[in-house]
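Chemist: Provided herewith is a single structure, encoded as structure tokens, for subsequent inquiry.
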Amino acid sequence: MLLVNHIFKLLIAFITGILFAWSFDVHWVIYFTVWSTILVSLLVTIHFGRKVIHFRKTIAIQLLLVFLLSGAFSYQYSLPKSQRKHFTKYYLKNDVLQVKVLEAERDTSGYRKMIFEVKAVGNEHNSKSCLGKILGYVDSPNNVGVGDILFIQPRVQKIQNTGNPGAFDAEKFWGSKGIRYMCFVQDGKLKKIREGSFTDRFWIKAREALRSVVDEHLSSENRSVANALVLGDKSDLSNNQKENFTEAGAMHVLAVSGMHVGILLGFLQWSFYRISFLRKRGLFIISALVVVWCFAFLTGLSSSVFRATIMFSVLAIGQLRGYSFFSLNALFVSAIIILFIDPLSLFNIGFQLSFLAMLGISFFFNPIKNLINSKYKILNFFWDGTALGIAAQIGTIPISLYYFHQFPNYFILTNLGLIILAACALIALIILFMVFWIPWLSDVIGTIVDIVFTVLNGFIEWINSLPATISKGFDPSLWWVITVYVLVISTLIFWRRQKLRLFYGGVSALMLMGFWLISQRELNYYREELIFLNMQSPTLMIKEKGHAIIIFQKEKSTKEDLQFIANGAEKETGVQVECLPINSHHVYSSGEKIKVRSLDSKFLIDYHGQQIVFTNSLNRSNQEDSFIVGNQISEGPDINLTTKGGSVSVVPNDKRF
């Protein structure tokens, strides 16, 4: 199966090279030198020894080494430190950057998030052409769009994590996009040089035209979901809508990705196949791919959409060559192409989830589908959708638990509903876009589309109304995730080879891994600790059995400022988190063992007999046992400290796990 698949071996070699370069800091020139040497050796061996059986194994080994070193070289060269002309090597404070807007959120109040491609850096004396990407937050630039060329005078800083429990891993997320720096651009520090190219402006105007169609025919609540579903624009979504979709495990519906591209491609192939002259030589597949790529550009061709479109394009081309749509070879080829274009995609959550979902479907869809075969087509239709959702979920459960720390308990029901409703919503919108210029017909179709989105939103709200919609607090290690995937693949191999004892052993091992994760979750649920959060002002979280409170000074912060941190902590710890402001010179107490007194810019804490001062001042306190300076803790003789990224935790002396 996999072990004898040559394309799979090349993919593994390329990924191994990327991981090797990620683990060991070796200059890209060394990788390139070794790669060039082995490549020349491979070409010579192929030319003189391809007909000699003795050299075939040598050629195979050399080819694998070429792919391994290609992965290592491409990863290392993509890093800013390996790029001689990266803007960080020239930029100085108060310099001006010439940038091109790659991505931009719609106009919102306050700062607008954008991604810039840096073209040059300079000042009044000289300038230097350079490259690199940077995340930007721009103060209300109403006239800036994708493709525009700008002069900006920003405040540049490195992207850093806060390290608080459950906090967003910004370094990893943006690093997987090749972005390691961010900047803030104040109003008046930006000047547009010229607008984007004709192509950029064409797709922007097309997006705006389709958005106006949605706004005209859909209700206010539905149009925000429709814009997110089709155009990838989530700026109009309310916090309540985002929370509902997140809690139901359906947030992926609101981010244009593999599911949307797959639904669109399937619908287009089915439609074009009904046109007789398009059936010849697979023209219906080629025509569908052309429309899919137009859809990708229409949504802004973000990295997630680009990867999904590449993947499904390769899968569709595999169909032209006689492979099934979920062919493993086509899937592996698409992964090689994506990683060759951007090796950092290997660390991108979207790529990992999409690829693993497709692997899960390739391996498990048919076995699950064949478990039930009814004589009623409608039952088979619903079971096929259920099998598809379960297969995709098998591929993504371990990595989802690792990143998001939660599991949707009704995922089978949610996936079945979403596959049907999201497909209906997307297809209905496409039909609306096709007929919007016909007055009476567009009104009818618009009403139908609005009803479909009303049902979709109602379905999500119904899922959230069910008891125990989502389980939180899972915190598996990376080794746990790797072990589970190895066990899943091994168990599948044993099942296909009819090695029942090994198969039952693999299933038992997977059950033990699940039991271990649940037990760790329960231990963490009842764990007591005091966590000092990495914030601008003194802020701490007291975690007790099944409950946690974030305490902050009322004069320095608000509940709204800390709600995002509370939500992240709930996901990681699995306990309910409250935000409690206390005034200066007031005391919070929980029983006899926990007391927190707020004094100006510090907290005096008595935690299970441990005396602690928490301050943002650089002056040390006069406490004899322990002190905290500038959000850093110096350990006293009776305090057990654990560093968690940017936060620090203390556990009771008598209750350590």
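Chemist: For the range 418-571, with all protein chains present and a 1.4 Å probe, just round the carbon and sulfur fraction of the accessible area to a whole percent.
Modeler: Carbon and sulfur: 68 percent of the exposed surface of the range 418-571.
Chemist: Does anyone have the angle between helix 303-320 and the longest principal axis of the chain? Alpha-carbon axes, 0 to 90°, nearest 10?
Modeler: Rounded to the nearest ten degrees, it is 20.
Chemist: Using a 1.4 Å probe, what is the accessible area per residue for the range 330-426, in Å²? Display every interim value, and only then the final one.
Modeler: Values: 3990 Å² over 97 residues.
Each residue of the range 330-426 exposes 41 Å² on average to a 1.4 Å probe.
Chemist: Here's another thing I want to ask about it. Residue separation times 0.36 nm, minus the C-alpha to C-alpha distance between K545 and R201: what's the value?
Modeler: Length difference between fully extended and current span is 118.2 nm.
Chemist: Now for a different question. Determine ³J(HN,Hα), in whole Hz, for all residues of the range 34-39 in sequence, where each value follows from phi through the Karplus function 6.51 cos²θ - 1.76 cosθ + 1.60 and θ = phi - 60°; x replaces Gly and Pro.
Modeler: After applying 6.51 cos²θ - 1.76 cosθ + 1.60, I find 5, 4, 4, 4, 5, 5 Hz.
Chemist: Same structure again: If you take the beta carbon distance between I451 and E208 as r and set R0 to 25 Å, what does 1/(1 + (r/R0)^6) give as a FRET efficiency, to the nearest 0.05?
Modeler: Computed FRET efficiency for I451 and E208 comes out at 0.50.
Chemist: Right, next: Please give the per residue volume of the convex hull enclosing the alpha carbon atoms of the range 149-221, rounded to a whole number of Å³.
Modeler: Roughly 192 Å³ of hull volume per residue.
Chemist: Sticking with this one: According to a simple spin-label model (label point 7 Å from Cα along Cα-to-Cβ), what is the distance in nm between L19 and F381?
Modeler: Result for the modelled spin labels: 4.3 nm.
Chemist: According to a simple spin-label model (label point 7 Å from Cα along Cα-to-Cβ), what is the distance in nm between L320 and W293?
Modeler: Rounded to a tenth, the inter-label distance reads 1.0 nm.
Chemist: Each label point is 7 Å from the Cα along the Cα-to-Cβ direction; what then is the distance between the points at L580 and F32, in nm?
Modeler: 6.0
Chemist: Given R₀ = 60 Å, FRET efficiency for N240-H47 by Cβ-Cβ distance, to 0.05?
Modeler: FRET efficiency, N240 to H47: 0.35.
Chemist: For E461 and Q157 in the same chain, what is the full-extension length gain: residue separation times 0.36 nm, less their Cα-Cα distance, in nm?
Modeler: That pair, E461 and Q157, stretches by 105.4 nm at full extension.
Chemist: Share of Cα-Cα pairs in the range 90-210 beyond 24 Å, in percent?
Modeler: Here the tail beyond 24 Å accounts for 30 percent of pairs.
Chemist: Calculated FRET efficiency, R279 and Y485, Cβ-Cβ r, R0 41 Å, to nearest 0.05?
Modeler: Rounded to the nearest 0.05, the efficiency is 0.55.
Chemist: Right, another one. Just to confirm the filter: which chymotrypsin sites (Phe, Trp or Tyr not before Pro) across the range 152-213 are DSSP coil and have at most 16 other Cβ within 10 angstrom of their Cβ?
Modeler: Listed in order of number, the matching sites are F168.
Chemist: How are the Cα pair distances of the range 346-494 distributed, in percent, across 10 Å bins from 0?
Modeler: Going out from 0 Å in 10 Å bins, the range 346-494 shows 10, 28, 32, 20, 7, 2 percent.
Chemist: In addition: For helix 500-526, report the angle its Cα long axis makes with the longest principal axis of the Cα atoms of the chain; keep it between 0 and 90° and round to the nearest 10°.
Modeler: Result, in degrees: 30.
Chemist: At a threshold of 8 angstrom on Cα-Cα distance, excluding pairs fewer than six apart, so keeping six or more, what relative contact order does the chain reach in percent?
Modeler: Worked out over the chain, it gives 10 percent.
Chemist: Dividing the convex hull volume of the Cα atoms of the chain by its residue count, what figure in Å³ per residue is obtained?
Modeler: 222
Chemist: Calculated from DSSP H runs of 4 or more alone, at -39500 (n - 2.57) each and per residue, what is the 222 nm mean residue ellipticity of the chain, nearest 500?
Modeler: Computed mean residue ellipticity for the chain: -17500 deg cm²/dmol.
Chemist: Using only Cα atoms, find the angle between the long axis of helix 6-23 and the longest principal axis of the chain, and express it within 0 to 90 degrees, rounded to the nearest 10.
Modeler: It works out to around 20 degrees.
The values are calculated or read from the model by the stated rules, or taken from the named source; none is laboratory data. Everything quoted here is computed from the prediction, not taken from an experiment. Note that each Cβ is placed from the backbone with ideal geometry, even for glycine, and that neighbours are counted across all protein chains shown. Note: areas computed on protein heavy atoms with side chains; ligands, DNA, RNA excluded. Shrake-Rupley method; radii C 1.70, N 1.55, O 1.52, S 1.80 Å.
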